[in-house]
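Since the structure comes first, as structure tokens, the remarks are kept for the end.
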Amino acid sequence: MEKTHTSKEISLTHPLLKSDLKGPCKTKYAVVSAIIASMASLLLGYNIGVMSGAQIFIKDDLDLTDTEIEILTGIMNLYSLAGSLTAGWTSDRIGRRNTLTLTAIIYFVGPLIISFSNNYFWIMVGRFVTGIGIGYSVIVPVYIAEVSPVTMRGFLTSLAELAVNIGLLLGYISNFLLADLSVHLSWRLMFALGIVPAVLLGFGTLFMPESPRWLVMKGQLGKAQEVLTHLTASPEDAKTQLEEIKETAGIPKESTSEVVPVPKQSHDKSVWKELVMKPTPSVCRILMTVLAIQFFQQASGIDTVVLYSPRVFEKAGMKSNSTLLGATMAVGLVKTISIPVAMILSDRVGRRSLLITGTAGMATSLVMLGLGLQIVDGYVMNQTWIVAVCIVAVLSYVSFFSIGLGPLAMAYSSEIMPLKLRAQGVALGMAMNRTVCGIVTMTFISLYEAITIAGSFYLYAGIAGMACVFVYICLPETKGRSLEEIEVLFGKREKEIKGNGKNLEVAV
């Protein structure tokens, strides 16, 4: 079939996409693409982290109640459902790369609205827009997983979580550096700074390739072959990967044209039917795994520490705003520098081992934090050693989170979802993640007033312990396997006999 060119075709003539890319350069190409995509995750982290300190100044400036602050802090996670539930459909329609461009625009508009807000209503509008961007950020690990070499996929998909934590840290730093400005100006500048990485992401997407797996789903085999040639070690590897992707996408092996017709089932109601209404046993197990791992990531209380760490440290005995924000910045720093451990080890020791270690460490740290806060309540005078115990417990907790559930929950979810269902399946996981996060963050103050702050962290410790048991029993290892091979891990393949029984189609 003769190749035709239209204005809608995806350009493959970017400076990074030269025909003479060889060896390590191809790895660099995948790495650069992953780094650019991860800017969306950095924006997610920044817009969550900046609220930790900004809420102090917003409360004073607008004279808000604790309940209003509690809602304002956590509601963005529920708003993100609007983005996460449509992100899969959008990325299947317009592509992973164009979805990231749209995400950059949303992240530009949201903080801009907040920065110019003069009342509670308009801040909520800005948080709503930003929340949609957070929902769309679910495409980041999907895109990275689909462009990464097998040997580097664990490392590169972990870039998204590293970027989230860098964003959190930058949010904390902006809180600390701008805290001495006037109450009216400080929080507005904190949010306005988030516009800068949004602009960088928007320009960066112009230099990224489209996902080869998305191109195959669209029948664009020629373009997929060209992208894979620049992402793999040799033309032979590119051809082998293309054949595997074609099989997974349901395209016959004999189809060799640059553009082939494909059924629309990946983009319409049949996807939700195959994913939710009438899934095969293996797809059902995959979906339950994705939902469970996303539930445990947030239900174990990470965002209560991220968003309310100044309150936690205040309960432990700290008083001044500068000390509270400095300790919070230390949390962001430790959380960030722990991520490379998971990035380096995930492709060596495996995802499963890191998840078990991380969840067990989280549970232990939360128990220690609960004990420290419980002891604080028994003293009239502040005890320095108790404050130190609480700080160590918090730092230990975020460190274990960052080597396990932090980077690997979304990376693992992106790996195990079948190609045709990946965008929507991961989006459902993100919806679970954001819903639980919203519930946890919007109820934390009320929860610790009801059962004490120590009791709250004991509760989160129990959930982290349950997560450890779940990982040990239910999660297989995915290290070193292609995305197509991983589909087999969650149950035997069902053979659908068609015609007279001579033609067997393998379905996952």
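Points to keep in mind about this one:
- Criterion: modelled with pLDDT under 85, crowded, with 23+ Cβ neighbours inside 10 Å and of a type in the set (Val, Ile, Thr) - qualifying residue of VAL387, VAL380, VAL426: VAL426
- Criterion applied to ILE75, ILE69 was being among the hydrophobic types (A, V, I, L, M, F, W, C), farther than 12 Å from ILE132 by Cα, surrounded by fewer than 21 Cβ atoms within 10 Å (Cβ to Cβ) and touching a residue at least 12 places away in the same chain (Cβ under 8 Å), and the one residue passing it is ILE69.
- Remark: pairs (first residue in the range 236-265, surrounded by 14 or more Cβ atoms within 10 Å (Cβ to Cβ); second residue in a helix (DSSP H, G or I) and of a type in the set (Gly, Ala, Ser); Cβ separation under 8 Å; 6+ apart in sequence or on different chains) = LEU242/ALA224; ILE245/ALA224; ALA249/SER266; GLU258/GLY222; VAL259/GLY222; VAL262/ALA249.
- Residue under evaluation TRP272, criteria (1) surrounded by fewer than 18 Cβ atoms within 10 Å (Cβ to Cβ); (2) out of contact with any Ser or Thr (no Cβ under 9 Å at 6 or more places or on another chain); (3) at pLDDT 80 or above, criterion not met: (3)
- Here PRO149 qualifies as surrounded by fewer than 24 Cβ atoms within 10 Å (Cβ to Cβ), of a type outside the set (A, V, I, L, M, F, W, C), within 28 Å of SER91 (Cα to Cα) and out of contact with any strand residue (DSSP E or B) (no Cβ under 6 Å at 6 or more places or on another chain).
- Counted as qualifying within the range 61-115 are the helices (runs of 4 or more DSSP H) with 1 or more residues that are modelled with pLDDT of 85 or more and closer than 20 Å to VAL199 by Cα, namely 81-94, 96-115.
- Candidates MET39, MET51: the one that is under 15 Å from THR441 (Cα atoms) and at pLDDT 85 or above is MET51.
- Within the range 198-218, no residue satisfies the criterion of being among the basic types (Lys, Arg), surrounded by 24 or more Cβ atoms within 10 Å (Cβ to Cβ) and more than 21 Å from the chain's Cα centre (by Cα).
- Residue within the range 289-307 that is within 22 Å of ILE451 (Cα to Cα), part of a helix (DSSP H, G or I) and either free of Cβ contacts under 8 Å to residues at least 12 places away in the same chain or charged (D, E, K, R) (or both) present: yes
- Inter-residue pairs, beta-carbon under 6 Å, first without any contact (Cβ under 8 Å) to a residue 24 or more places away in the chain and in the range 87-116, second buried (at least 18 other Cβ atoms within 10 Å of the Cβ) and not hydrophobic (A, V, I, L, M, F, W, C), 6+ apart: ILE113/GLY126
- ASP347, sole failed condition from (1) in a helix (DSSP H, G or I); (2) closer than 25 Å to PHE155 by Cα: (1)
Conditions tested, residue by residue: (1) modelled with pLDDT of 90 or more; (2) under 23 Å from the mean Cα position of the chain (by Cα).
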{"residue": "LEU459", "(1), (2)": "yes, no"}
{"residue": "ILE463", "(1), (2)": "yes, yes"}
{"residue": "GLU477", "(1), (2)": "no, yes"}
{"residue": "SER482", "(1), (2)": "no, yes"}
{"residue": "ILE486", "(1), (2)": "no, yes"}
{"residue": "GLY499", "(1), (2)": "no, no"}
{"residue": "LYS502", "(1), (2)": "no, no"}
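The values are calculated or read from the model by the stated rules, or taken from the named source; none is laboratory data. No experiment lies behind these values; they were computed from the predicted model shown. As a convention, Cβ positions derive from the backbone with ideal geometry for all residues, glycine included, and neighbour counts pool all protein chains shown.
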